[in-house]
Number of protein chains: 2
Amino acid sequence: MKVMVGGTFDPLHDGHRRLLDRSFELAGSSGRVVIGLTTDTFASRKVHPIRPFPDRKADLETYIAGKHYPPNWLIEPLSDRFGSAIESDFDAIVVSEETLPVAVEINKIRREKGGRKVDIHQISCVLAEDGRWISSTRIYRGEIDVHGHVLQ
Amino acid sequence: MKVMVGGTFDPLHDGHRRLLDRSFELAGSSGRVVIGLTTDTFASRKVHPIRPFPDRKADLETYIAGKHYPPNWLIEPLSDRFGSAIESDFDAIVVSEETLPVAVEINKIRREKGGRKVDIHQISCVLAEDGRWISSTRIYRGEIDVHGHVLQ
(Lines give C-alpha, C1' and ligand atoms only; values in the text may rest on other atoms or scores of the structure.)
Protein backbone atom coordinates (compact mmCIF):
# COMPACT_ATOMS: atom_id res chain seq x y z
CA MET A 1 0.00 0.00 0.00
CA LYS A 2 1.17 3.57 -0.68
CA VAL A 3 1.07 5.55 2.56
CA MET A 4 1.59 9.25 3.35
CA VAL A 5 2.37 10.80 6.71
CA GLY A 6 3.53 14.26 7.69
CA GLY A 7 4.90 16.32 10.53
CA THR A 8 7.63 18.52 11.94
CA PHE A 9 9.18 15.72 13.99
CA ASP A 10 11.15 17.95 16.37
CA PRO A 11 12.23 16.47 18.61
CA LEU A 12 11.41 12.96 17.41
CA HIS A 13 9.33 11.63 20.32
CA ASP A 14 7.46 8.39 21.01
CA GLY A 15 4.28 9.78 19.41
CA HIS A 16 6.18 10.42 16.15
CA ARG A 17 7.73 6.97 16.41
CA ARG A 18 4.30 5.35 16.64
CA LEU A 19 3.16 7.42 13.64
CA LEU A 20 6.13 6.24 11.58
CA ASP A 21 5.96 2.62 12.76
CA ARG A 22 2.29 2.38 11.87
CA SER A 23 2.91 3.95 8.46
CA PHE A 24 5.51 1.33 7.58
CA GLU A 25 3.36 -1.46 9.03
CA LEU A 26 0.41 -0.33 6.94
CA ALA A 27 2.51 0.00 3.78
CA GLY A 28 3.73 -3.56 4.17
CA SER A 29 6.91 -5.06 2.74
CA SER A 30 6.08 -4.19 -0.87
CA GLY A 31 4.50 -0.81 -0.14
CA ARG A 32 5.81 2.74 -0.11
CA VAL A 33 5.91 5.46 2.56
CA VAL A 34 6.16 9.17 1.76
CA ILE A 35 6.99 11.33 4.78
CA GLY A 36 6.16 15.01 4.43
CA LEU A 37 8.55 16.99 6.61
CA THR A 38 7.55 20.60 7.24
CA THR A 39 9.86 23.23 5.76
CA ASP A 40 11.49 25.67 8.17
CA THR A 41 9.17 28.43 6.98
CA PHE A 42 6.01 26.37 7.46
CA ALA A 43 7.23 24.98 10.80
CA SER A 44 7.91 28.51 12.09
CA ARG A 45 4.16 28.76 12.95
CA LYS A 46 4.91 26.62 16.00
CA VAL A 47 5.06 28.30 19.40
CA HIS A 48 8.54 27.00 20.13
CA PRO A 49 11.82 27.08 18.13
CA ILE A 50 12.32 24.31 15.56
CA ARG A 51 15.66 22.87 14.44
CA PRO A 52 16.58 23.29 10.75
CA PHE A 53 15.12 20.95 8.12
CA PRO A 54 18.41 19.04 7.47
CA ASP A 55 18.78 18.21 11.19
CA ARG A 56 15.19 17.01 11.50
CA LYS A 57 15.57 15.01 8.28
CA ALA A 58 18.76 13.36 9.56
CA ASP A 59 17.01 12.28 12.77
CA LEU A 60 14.16 10.73 10.78
CA GLU A 61 16.63 8.90 8.55
CA THR A 62 18.54 7.56 11.54
CA TYR A 63 15.36 6.33 13.19
CA ILE A 64 14.08 4.61 10.02
CA ALA A 65 17.47 3.05 9.28
CA GLY A 66 17.56 1.62 12.80
CA LYS A 67 14.20 -0.08 12.34
CA HIS A 68 15.28 -1.86 9.13
CA TYR A 69 12.11 -0.91 7.29
CA PRO A 70 11.78 -1.79 3.58
CA PRO A 71 13.76 0.65 1.40
CA ASN A 72 10.84 2.15 -0.50
CA TRP A 73 10.38 5.42 1.41
CA LEU A 74 11.01 9.07 0.79
CA ILE A 75 11.13 12.31 2.78
CA GLU A 76 9.70 15.29 0.92
CA PRO A 77 9.37 18.93 2.02
CA LEU A 78 5.92 19.94 3.26
CA SER A 79 5.40 23.65 2.74
CA ASP A 80 1.68 23.76 3.59
CA ARG A 81 -0.89 21.53 5.33
CA PHE A 82 -1.52 19.38 2.26
CA GLY A 83 1.82 19.01 0.48
CA SER A 84 1.43 16.54 -2.37
CA ALA A 85 -1.52 14.74 -0.71
CA ILE A 86 -4.12 16.33 -2.97
CA GLU A 87 -2.54 15.36 -6.29
CA SER A 88 -0.63 12.17 -5.42
CA ASP A 89 -1.82 8.67 -6.13
CA PHE A 90 -1.71 6.87 -2.78
CA ASP A 91 -3.89 4.63 -0.60
CA ALA A 92 -3.80 5.78 3.01
CA ILE A 93 -2.78 8.72 5.16
CA VAL A 94 -1.64 8.22 8.76
CA VAL A 95 -2.49 10.98 11.24
CA SER A 96 -2.67 11.72 14.95
CA GLU A 97 -5.84 12.79 16.75
CA GLU A 98 -4.73 16.40 16.30
CA THR A 99 -4.24 16.12 12.54
CA LEU A 100 -7.32 14.00 11.73
CA PRO A 101 -9.23 17.10 10.49
CA VAL A 102 -6.49 17.78 7.91
CA ALA A 103 -6.91 14.26 6.51
CA VAL A 104 -10.69 14.69 6.30
CA GLU A 105 -10.12 17.97 4.44
CA ILE A 106 -7.64 16.33 2.05
CA ASN A 107 -10.24 13.70 1.16
CA LYS A 108 -12.89 16.35 0.61
CA ILE A 109 -10.65 18.30 -1.77
CA ARG A 110 -9.50 15.15 -3.59
CA ARG A 111 -13.13 14.22 -4.22
CA GLU A 112 -14.06 17.75 -5.36
CA LYS A 113 -11.24 17.55 -7.88
CA GLY A 114 -12.62 14.27 -9.21
CA GLY A 115 -10.02 12.07 -7.50
CA ARG A 116 -10.59 9.20 -5.11
CA LYS A 117 -10.57 9.42 -1.36
CA VAL A 118 -7.88 7.59 0.60
CA ASP A 119 -8.06 5.55 3.79
CA ILE A 120 -7.41 7.53 6.97
CA HIS A 121 -5.54 5.80 9.78
CA GLN A 122 -5.62 7.75 13.05
CA ILE A 123 -3.13 6.48 15.61
CA SER A 124 -4.02 6.67 19.26
CA CYS A 125 -1.87 9.25 21.01
CA VAL A 126 1.05 8.11 23.10
CA LEU A 127 0.65 9.14 26.72
CA ALA A 128 3.42 10.41 28.95
CA GLU A 129 3.94 9.02 32.48
CA ASP A 130 1.53 11.62 33.81
CA GLY A 131 -1.30 10.37 31.56
CA ARG A 132 -1.25 13.43 29.30
CA TRP A 133 -0.20 13.40 25.62
CA ILE A 134 3.43 13.49 24.62
CA SER A 135 3.94 16.65 22.57
CA SER A 136 6.88 18.64 21.27
CA THR A 137 5.66 21.69 23.17
CA ARG A 138 5.73 19.82 26.48
CA ILE A 139 9.21 18.51 25.70
CA TYR A 140 10.41 22.01 24.78
CA ARG A 141 9.02 23.33 28.07
CA GLY A 142 11.09 20.69 29.89
CA GLU A 143 8.07 18.94 31.40
CA ILE A 144 8.84 15.53 29.85
CA ASP A 145 11.50 13.84 27.73
CA VAL A 146 10.95 12.31 24.27
CA HIS A 147 9.75 9.06 25.85
CA GLY A 148 7.23 10.79 28.09
CA HIS A 149 9.19 10.53 31.34
CA VAL A 150 8.28 13.38 33.70
CA LEU A 151 11.28 15.64 34.33
CA GLN A 152 10.03 17.94 37.06
CA MET B 1 -2.27 -6.44 15.66
CA LYS B 2 -5.70 -7.14 17.18
CA VAL B 3 -8.39 -5.55 15.02
CA MET B 4 -12.15 -5.10 15.48
CA VAL B 5 -14.72 -4.38 12.79
CA GLY B 6 -18.50 -4.48 12.80
CA GLY B 7 -21.55 -4.36 10.60
CA THR B 8 -24.73 -6.00 9.35
CA PHE B 9 -23.13 -7.20 6.11
CA ASP B 10 -26.39 -7.77 4.22
CA PRO B 11 -25.96 -8.25 1.40
CA LEU B 12 -22.15 -8.53 1.47
CA HIS B 13 -21.14 -5.84 -1.02
CA ASP B 14 -17.82 -4.45 -2.26
CA GLY B 15 -17.78 -1.83 0.53
CA HIS B 16 -18.00 -4.62 3.14
CA ARG B 17 -15.33 -6.56 1.28
CA ARG B 18 -12.96 -3.61 1.45
CA LEU B 19 -13.72 -3.24 5.17
CA LEU B 20 -12.90 -6.91 5.79
CA ASP B 21 -9.84 -6.99 3.52
CA ARG B 22 -8.36 -3.95 5.24
CA SER B 23 -9.04 -5.46 8.67
CA PHE B 24 -7.11 -8.62 7.83
CA GLU B 25 -4.34 -6.62 6.14
CA LEU B 26 -3.97 -4.45 9.22
CA ALA B 27 -4.01 -7.44 11.59
CA GLY B 28 -1.19 -9.06 9.64
CA SER B 29 -0.31 -12.74 9.53
CA SER B 30 0.11 -13.08 13.29
CA GLY B 31 -2.76 -10.77 14.27
CA ARG B 32 -6.40 -11.35 15.13
CA VAL B 33 -9.67 -10.02 13.65
CA VAL B 34 -12.93 -9.87 15.61
CA ILE B 35 -15.98 -9.20 13.43
CA GLY B 36 -19.03 -7.90 15.27
CA LEU B 37 -22.12 -8.99 13.34
CA THR B 38 -25.33 -7.20 14.32
CA THR B 39 -27.99 -9.38 15.92
CA ASP B 40 -31.36 -9.60 14.16
CA THR B 41 -32.91 -7.39 16.84
CA PHE B 42 -30.25 -4.68 16.57
CA ALA B 43 -30.24 -4.87 12.75
CA SER B 44 -34.02 -4.42 12.63
CA ARG B 45 -33.44 -0.63 12.98
CA LYS B 46 -32.50 -0.64 9.29
CA VAL B 47 -35.01 0.74 6.82
CA HIS B 48 -35.01 -2.45 4.73
CA PRO B 49 -35.46 -6.14 5.65
CA ILE B 50 -32.34 -7.99 6.84
CA ARG B 51 -31.65 -11.71 6.41
CA PRO B 52 -31.30 -13.78 9.62
CA PHE B 53 -28.01 -13.78 11.57
CA PRO B 54 -27.00 -17.37 10.57
CA ASP B 55 -27.36 -16.56 6.85
CA ARG B 56 -25.34 -13.36 7.14
CA LYS B 57 -22.73 -15.18 9.22
CA ALA B 58 -22.46 -17.97 6.63
CA ASP B 59 -21.83 -15.43 3.85
CA LEU B 60 -19.08 -13.78 5.88
CA GLU B 61 -17.46 -17.16 6.56
CA THR B 62 -17.59 -18.12 2.88
CA TYR B 63 -16.01 -14.82 1.85
CA ILE B 64 -13.22 -15.06 4.43
CA ALA B 65 -12.51 -18.72 3.63
CA GLY B 66 -12.21 -17.81 -0.07
CA LYS B 67 -9.56 -15.18 0.69
CA HIS B 68 -7.36 -17.63 2.63
CA TYR B 69 -6.83 -15.19 5.47
CA PRO B 70 -4.92 -16.32 8.58
CA PRO B 71 -7.10 -18.48 10.85
CA ASN B 72 -7.15 -16.19 13.87
CA TRP B 73 -10.55 -14.54 13.43
CA LEU B 74 -13.93 -14.69 15.10
CA ILE B 75 -17.49 -13.52 14.41
CA GLU B 76 -19.31 -12.34 17.53
CA PRO B 77 -22.87 -11.01 17.91
CA LEU B 78 -23.17 -7.22 18.10
CA SER B 79 -26.30 -6.26 20.01
CA ASP B 80 -25.58 -2.54 20.30
CA ARG B 81 -23.27 0.04 18.67
CA PHE B 82 -20.29 -0.84 20.85
CA GLY B 83 -20.41 -4.60 21.39
CA SER B 84 -17.24 -5.68 23.18
CA ALA B 85 -15.20 -2.71 21.87
CA ILE B 86 -15.32 -0.82 25.17
CA GLU B 87 -13.97 -3.62 27.37
CA SER B 88 -11.80 -5.63 24.94
CA ASP B 89 -8.06 -5.40 24.68
CA PHE B 90 -7.34 -4.63 21.02
CA ASP B 91 -5.27 -2.26 18.88
CA ALA B 92 -7.35 -0.87 16.04
CA ILE B 93 -10.93 -0.53 14.86
CA VAL B 94 -11.76 -0.41 11.15
CA VAL B 95 -14.73 1.73 10.13
CA SER B 96 -16.40 3.32 7.11
CA GLU B 97 -16.98 7.06 6.75
CA GLU B 98 -20.49 6.51 8.12
CA THR B 99 -19.35 4.70 11.25
CA LEU B 100 -16.31 6.88 12.07
CA PRO B 101 -18.27 8.75 14.81
CA VAL B 102 -18.96 5.44 16.59
CA ALA B 103 -15.23 4.70 16.73
CA VAL B 104 -14.50 8.17 18.11
CA GLU B 105 -17.18 7.59 20.77
CA ILE B 106 -15.71 4.17 21.65
CA ASN B 107 -12.30 5.79 22.23
CA LYS B 108 -13.86 8.51 24.38
CA ILE B 109 -15.62 5.94 26.59
CA ARG B 110 -12.55 3.70 26.79
CA ARG B 111 -10.50 6.66 28.03
CA GLU B 112 -13.17 7.72 30.53
CA LYS B 113 -13.10 4.20 31.94
CA GLY B 114 -9.32 4.46 32.36
CA GLY B 115 -8.51 2.26 29.35
CA ARG B 116 -6.34 3.12 26.37
CA LYS B 117 -7.58 4.46 23.07
CA VAL B 118 -7.20 2.36 19.95
CA ASP B 119 -6.15 3.28 16.43
CA ILE B 120 -9.01 4.14 14.10
CA HIS B 121 -8.73 3.11 10.45
CA GLN B 122 -11.38 4.68 8.24
CA ILE B 123 -11.62 3.05 4.82
CA SER B 124 -12.55 5.18 1.86
CA CYS B 125 -16.02 4.29 0.60
CA VAL B 126 -16.33 2.13 -2.47
CA LEU B 127 -18.16 3.95 -5.25
CA ALA B 128 -20.70 2.42 -7.57
CA GLU B 129 -20.54 2.93 -11.34
CA ASP B 130 -22.61 6.07 -10.97
CA GLY B 131 -20.07 7.65 -8.63
CA ARG B 132 -22.28 7.36 -5.55
CA TRP B 133 -21.53 5.10 -2.55
CA ILE B 134 -22.36 1.43 -2.63
CA SER B 135 -24.86 0.80 0.19
CA SER B 136 -27.17 -2.01 1.24
CA THR B 137 -30.15 0.32 0.92
CA ARG B 138 -29.35 1.07 -2.71
CA ILE B 139 -28.90 -2.64 -3.42
CA TYR B 140 -32.21 -3.44 -1.70
CA ARG B 141 -33.94 -0.79 -3.82
CA GLY B 142 -32.60 -2.51 -6.94
CA GLU B 143 -30.54 0.50 -8.06
CA ILE B 144 -27.18 -1.36 -8.08
CA ASP B 145 -25.80 -4.85 -7.48
CA VAL B 146 -23.29 -5.82 -4.76
CA HIS B 147 -20.40 -4.74 -6.99
CA GLY B 148 -21.90 -1.33 -7.72
CA HIS B 149 -23.10 -2.04 -11.25
CA VAL B 150 -26.09 0.12 -12.10
CA LEU B 151 -29.18 -2.02 -12.70
CA GLN B 152 -31.67 0.48 -14.02
### Query
Do we have B:S79 as within 16 Å of the chain's Cα centre (by Cα) and farther than 25 Å from A:I120 by Cα here?
yes
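Among the candidates A:I144, A:I123, single out the residue that is in contact with a strand residue (DSSP E or B) (Cβ under 9 Å, 6 or more places away or on another chain) and free of Cβ contacts under 8 Å to residues at least 24 places away in the same chain.
Values: A:I123 fails: free of Cβ contacts under 8 Å to residues at least 24 places away in the same chain.
Only one candidate passes the filter, namely A:I144.
Conditions tested, residue by residue: (1) at pLDDT below 95; (2) within 11 Å of chain A (Cβ to nearest Cβ).
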| position | (1), (2) |
| --- | --- |
| B:K46 | yes, no |
| B:R51 | no, no |
| B:D55 | no, no |
| B:I64 | no, no |
| B:Y69 | yes, no |
| B:W73 | no, no |
| B:Q122 | no, yes |
| B:E129 | yes, no |
| B:S136 | yes, no |
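Being touching a helix residue (DSSP H, G or I) at 6+ places or on another chain (Cβ under 7 Å) and open to solvent by less than 40 Å² (accessible area, probe 1.4 Å) is the filter; apply it to region B:33-62 and report the residue that is farthest from B:D145 (Cα to Cα).
As a first pass, look at region B:33-62 and keep what is touching a helix residue (DSSP H, G or I) at 6+ places or on another chain (Cβ under 7 Å): B:33, B:35, B:37, B:39-40, B:47-48, B:50, B:52-53.
Next, only the ones that are open to solvent by less than 40 Å² (accessible area, probe 1.4 Å) stay: B:33, B:35, B:37, B:39, B:48.
On the way: B:V33: 27, B:I35: 24, B:L37: 22, B:T39: 24, B:H48: 15 Å.
Among those that are touching a helix residue (DSSP H, G or I) at 6+ places or on another chain (Cβ under 7 Å) and open to solvent by less than 40 Å² (accessible area, probe 1.4 Å), it is B:V33.
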#### Entry: A:D145 vs. criteria of a type in the set (D, E, K, R) and more than 14 Å from chain B (Cβ to nearest Cβ)
yes
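Yes or no, residue by residue, for (1) open to solvent by 70 Å² or more (accessible area, probe 1.4 Å); (2) of a type outside the set (S, T, N, Q):
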{"site": "A:L78", "(1), (2)": "no, yes"}
{"site": "A:S84", "(1), (2)": "no, no"}
{"site": "A:E87", "(1), (2)": "yes, yes"}
{"site": "A:L100", "(1), (2)": "no, yes"}
{"site": "A:R141", "(1), (2)": "yes, yes"}
{"site": "A:L151", "(1), (2)": "yes, yes"}
## Note on the structure
The one condition B:I139 fails out of (1) closer than 26 Å to A:W133 by Cα; (2) not in a loop (DSSP other than H, G, I, E, B) is (1)
### Task
Would you check which residues across region A:1-32 are hydroxyl-bearing (S, T, Y) and crowded, with 17+ Cβ neighbours inside 10 Å and list them?
A:T8, A:S23
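Checking the structure you have, find out if any residue of region A:28-39 is of a type in the set (S, T, Y), farther than 20 Å from B:L100 by Cβ and at pLDDT 95 or above.
As a first pass, look at region A:28-39 and keep what is of a type in the set (S, T, Y): A:29-30, A:38-39.
Now narrow it down to the ones that are farther than 20 Å from B:L100 by Cβ: A:29-30, A:38-39.
Then keep just the ones that are at pLDDT 95 or above; that gives A:38-39.
Yes.
Looking at B:E105, B:E97, B:E87, which one is in contact with a Cys (Cβ under 6 Å, 6 or more places away or on another chain) and either within 14 Å of chain A (Cβ to nearest Cβ) or under 30 Å from B:G115 (Cα atoms) (or both)? Break it down stepwise before answering.
Values: B:E105 fails: in contact with a Cys (Cβ under 6 Å, 6 or more places away or on another chain); B:E87 fails: in contact with a Cys (Cβ under 6 Å, 6 or more places away or on another chain).
After applying the criteria, what remains is B:E97.
The values are calculated or read from the model by the stated rules, or taken from the named source; none is laboratory data. Remember, it's a predicted structure, so these values are computed and weren't measured experimentally. Don't worry about glycine lacking a Cβ; one is built from the backbone with ideal geometry, like all the others, and counts go over all protein chains shown. Keep in mind that these areas ignore ligands, DNA and RNA; they rest on the heavy atoms of the full protein, side chains included. Shrake-Rupley method; radii C 1.70, N 1.55, O 1.52, S 1.80 Å.
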